[in-house]
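The values are calculated or read from the model by the stated rules, or taken from the named source; none is laboratory data. These numbers were taken from a predicted model, which means no experiment stands behind them. No Cβ is skipped: glycine too gets one built from the backbone with ideal geometry, and neighbour counts run over all protein chains shown. These accessible areas exclude ligands, DNA and RNA; they are computed on the full protein's heavy atoms, side chains included. Shrake-Rupley method; radii C 1.70, N 1.55, O 1.52, S 1.80 Å.
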Amino acid sequence: MDNNQKNPSPLYSPRSPGGATPHQWEPPMEERPFWRRFLSVMVKLTLAFSLLGAAVGGVVGYTFYVKYSKDLPDIESLRYYKPSLVTRIYDTNDQLAAEYFVERRILLPLDAIPVLLRQTTIAVEDTSFYEHFGLNIEGILRAAWANYRAGRVVQGGSSITQQLAKVLLLSSERTYVRKIREAILSIRIDRAYTKEEILEIYLNHIYYGEGAYGVEAAAQTYFAKSVQDLNVAEVAMIVGMPKAPSTNSPYSNLGKAVERRGHVLNRMMVTNVITKEQMEEALSSPIKLAPRKGPLNKSPWFSEHVRRILEKKFSAHGLYREGLTVRTTLDLRWQKWADEAVRSGLEDADRRLGYRGPAGYVDIEKGRRPDFAALNPERAEFDEPHEFYTPGRILTGVTLKAQNDMAMVDLGETKGAISVKSMSWAHPFNPDVDARWAKKVRKTSDVFKPGDIIQVRILEEDPLPGEEPGQTLLPLELYQKPDVQGALMSIDPKTGHVKAMIGGYDAETDKFNRAVQAYRQPGSSFKPIIYTAALTKGYTPASVVIDSPIIFNRAITEFKGWKPMNFEQKFYGPTTLRTAITHSRNIVTIKLLEKISPSFVAEFARKFGFSGPLDSNLSLALGSSTVTLEELVFAYGTLANQGTRMEPIYIKSIENRDGEVIFKADVTPHESLSPAVAFQVADMMKSVVQNGTGRSLKPMLGGRPLAGKTGTTNDCIDAWFVGYTPDVVTGVWTGRDDPAPIGRRETGARMAIPIWRDFMKKVFAEMPVNDFPPPPDVVFARINEETGNLTKASGENVIFEVFTDGAQPTQFDTDAASVESAASDYKRGF
């Protein structure tokens, strides 16, 4: 090495090879200033720790990912998203009748949800929804800082995707583990699905309070309209609900709901979803809520029966979660008319039978008052008194005064008055006395005393003046819930479709359906089955049976000493079958049954659809074997349908959530008897309405042909009427659940026919007038109604009778006068 190399030039340094320029040269580390050396070390340490931290963080993150991603739900399930949906029951006119669900949800595609609602949801829940990868980091940090400052959880930072992951795939527990799993799932969901798919599922699945899941159910619950019809203020109200559905419910906390709506409207304005003018207009708009209600059910008796059928067929899970569309045979108009007729008819009958007395007593003279909140608990559901004290509402109150013409009633917040005129019916209840002849009440003090706890109903009349200046009293009438029950069923005999069904007085408090579940004695309403059986055995409507006393002394335990009687306690001598069924003659029916055999009739009745046990003895003539109203109505339907029996059909078809038909009713006709016999029975039963126990219906028919039969059991325990035309069959039953006597002479004509008439008056108003078409193998012949013989005479006893061709009588009356004289002895009775 030469000297130049040993003593390098100051301009040259091994640290700057190639001949560095002066400004590039740096002194050795030990010669640098301290602060530069310290900074250099810190940079290197920071870099080293950063790399180490990143490595450790990566390892920890990977470890957490491996640990907490184990057994995570498969996000592929979202691709086949099938949430719990509402099963909807429709009537025959596609009117919604009832809904059954665990979660009230109505699924909508995203394009059916208004853009305004979508934008508002994003503005409130996740502003950067379309930018982030499943996690809103900015929102998470903002929420963390807000919660740190407050010392508690005051804000959530979950994205829409995170919320969806939580409600669909995870539990709602508040733990860090769940949040980690939620974050992992959210990232996976965001990678696997489009933003539109995620938003659609979210808007259909999230809970909006009051039992509503998804935006469509929320719109219908709060505003009774579809989501497409919501205005700006209503959209804001709904979008604000998921944060705290119970707290923000406008039904229970209107102030909170309005405050939350204001926050949402502000977010809508800030994010340019709406203008400031729109916000101010929405802020000032009143909240018009739909009436708060439970699950929709416009036809509780019918729908509950359908529900039982569906649950048996599809299980509870299928019924309440699978969103079935059930198309039924029900006509909601008929159902409404039927419900009104049954309720009104039972109330009228109950009033006729008398007042059963107050529900209790409180000594008001000692200053005691009842707990009105307990007596009228539904009052708590209303904010204002005027919303609660409306016409038709039934309340419980306390009698303050009972004077001659008026009684004053304390209702807690207000007072009312009952006029003696409106309670003239309130004579003492006594089932052993014919209530029709009971004396009317003349003074309210004959019924009440101060302190009596009574039920009243608010009348739709002007308020009454009180005793004090300026005081007004609610107009009231005395009310008592009937303890007599009833049922009604109406069908189309040609199809077996059940059009209306009522199972009792009040479906809200009583779930026992007396139309299909109650087995009761039909009394004389079973007689048409016996007469039909006789016609198939060769009898005709003109066949004569002697109506005379009969005593059974044969050694049959249950009949030994039995001496049956007609209802009128009389006997009528020679009687044709037409006359016997017209006037419901017991003796003729018993003798006829004995001739054709009780066992034959019991077996014959199976052709009409009676499935329960039927007594194969003479008591069958009096309707002693129990049947349901459904069985009896469909038996008459066989007669109305020219001898063809149809099975009861309540459900026409069922569709699954995808609109596929998975059930269709199988209509299977059963040829039970010949059209000729069915026509003869119908013609005979038209006489019941024209001249017999159903003659009170003649004024409302206006010439419309109607066949029917009343039924009343011993001691008036059961009272029936079933009437039919070729197009409709309607049956009514009334009685007590005990069973105990309804009341003296409370027959089918008095109890059941008024209900039947009130219902069918409305049905007939929209139904064409059709008579029963005579089959080709029947003939009509002029006969003497009392002898059953052919006659050439004329007069009130001469009728045109119907016969199967070849079965008409051949004998003519020879001495009509002597026949009439002989029959008159029976008419006078014994």
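Could you pull out the GluC sites (Glu not before Pro) across the range 747-797 that fall in loop regions by DSSP (anything but H, G, I, E, B) with no more than 10 other Cβ atoms inside 10 Å? Don't jump to the answer; show the numbers that get you there.
Details: sites: 766, 785, 786, 796; in loops: 766, 785, 786, 796.
Sparse-neighbourhood loop GluC sites (Glu not before Pro): 766, 796.
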(request) Treat each spin label as a single point 7 Å out from the Cα along the C-beta direction, and report the residue 365 to residue 384 distance in nm. (result) 4.1
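Report, to two decimal places, the Cα Rg of the range 704-824 normalised by 2.2 N^0.38 Å (N = number of residues).
Working: Rg = 19.6 Å, N = 121, 2.2 N^0.38 = 13.6 Å.
The range 704-824 yields a ratio of 1.44.
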(request) Could you pull out every residue, at least 5 positions away or on a different chain, whose amide H is within less than 5 Å of the one on residue 479? Hs are placed 1.01 Å off N in the peptide plane, and Pro or chain starts have none. (result) 455, 456, 457
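If you roll a 1.4 Å probe over the heavy atoms of the protein chains, what accessible area per residue do you get for the range 639-700, in Å²? Show your work: numbers first, answer last.
Details: 2690 Å² over 62 residues.
With all protein chains present, the range 639-700 gives 43 Å² per residue.
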(request) Take a quick pass over the range 465-608 and tell me how many lysine pairs come in under 21 angstrom between Cα atoms, counting only ones 8 or more apart or on separate chains. (result) 18
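Just to confirm a number: summing +1 for Lys and Arg and -1 for Asp and Glu over residues other than residue 83 whose beta-carbon lies under 10 angstrom from that of residue 83, what do you get?
+3
Could you rank the peptides 702-714, 718-730, 516-528 by their average count of other C-beta atoms within 10 Å per residue, with the highest value first?
Numbers: 702-714: 21.5, 718-730: 25.7, 516-528: 23.5.
Ranked from most to least packed, the peptides come out as 718-730, 516-528, 702-714.
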(request) Provide, for q = 0.12, 0.14, 0.22 Å⁻¹, the log10 of I(q)/I(0) from a solvent-free Debye sum over equal Cα point scatterers in the range 377-508. (result) -0.61, -0.76, -1.32
(request) Leaving ligands, DNA and RNA out of it, report the carbon-plus-sulfur percent of the accessible area of the range 353-445 at a 1.4 Å probe. (result) 50
(message) Which order do the peptides 594-600, 260-266 come out in when sorted by mean C-beta neighbours inside 10 angstrom, highest first?
(response) 260-266, 594-600
(request) Mind giving me the nanometre distance, one decimal, between the label points for residue 600 and residue 196, set 7 Å out from Cα along Cα→Cβ? (result) 7.6
(message) So if I place +1 on the C-beta of Lys and Arg and -1 on the C-beta of Asp and Glu, and nothing else carries charge, what would the dipole magnitude of the range 383-482 be about its Cα centre? I want it in debye, nearest 20.
(response) 640
(message) Please give me the summed charge of the neighbours of residue 771: other residues whose Cβ is under 12 Å from its Cβ, Lys and Arg +1, Asp and Glu -1.
(response) 0
(message) Given an 8 Å cut-off on Cα distances and at least 6 residues of separation, report the relative contact order of the range 351-423 as a percent.
(response) 18
(request) Assign unit charges at the C-beta atoms only (+1 for Lys and Arg, -1 for Asp and Glu), then state the dipole size of the range 755-797 relative to its Cα centre in Debye, rounded to the nearest 20. (result) 100
(request) Work out from phi, with θ = phi - 60° and the Karplus expression 6.51 cos²θ - 1.76 cosθ + 1.60, the ³J(HN,Hα) of each residue of the range 335-341, listed in order in whole Hz, and give x for Gly and Pro. (result) 4, 5, 4, 5, 4, 4, 5
(message) Over the range 274-422, what is the relative contact order in percent, taking alpha-carbon pairs closer than 8 angstrom and at least six residues apart?
(response) 10
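Accessible area per residue of the range 472-563 at 1.4 Å probe, in Å²? Numbers along the way, then the final one.
Details: 3280 Å² over 92 residues.
Per-residue value: 36 Å².
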(request) Report the relative contact order of the range 158-299, percent, no decimals, based on alpha-carbon pairs under 8 angstrom and at least 6 residues apart. (result) 17
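Need the full-extension length gain, residue 442 to residue 512, defined as separation in residues times 0.36 nm minus the C-alpha distance. One decimal, nm.
Values: separation 70, 0.36 × 70 = 25.20 nm, distance 3.82 nm.
Contour length minus the Cα-Cα distance gives 21.4 nm.
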(request) Subtract the Cα-Cα distance of residue 340 and residue 224 from 0.36 nm times their separation in residues, and report this length gain in nm to one decimal. (result) 39.2 nm
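For a Förster distance of 45 Å, can you work out the FRET efficiency between the beta-carbons of residue 180 and residue 656, rounded to the nearest 0.05? Walk me through the numbers on the way to the answer.
Numbers: r = 38 Å, r/R0 = 0.84.
Using R0 = 45 Å, I get an efficiency of 0.75.
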(request) Compare the peptides 228-237, 271-280 by average per-residue count of other Cβ atoms within 10 angstrom and give them in order, highest first. (result) 228-237, 271-280
(request) Grab the other residues whose beta carbon is less than 12 angstrom from that of residue 520, score K and R as +1, D and E as -1, and report the net. (result) -3
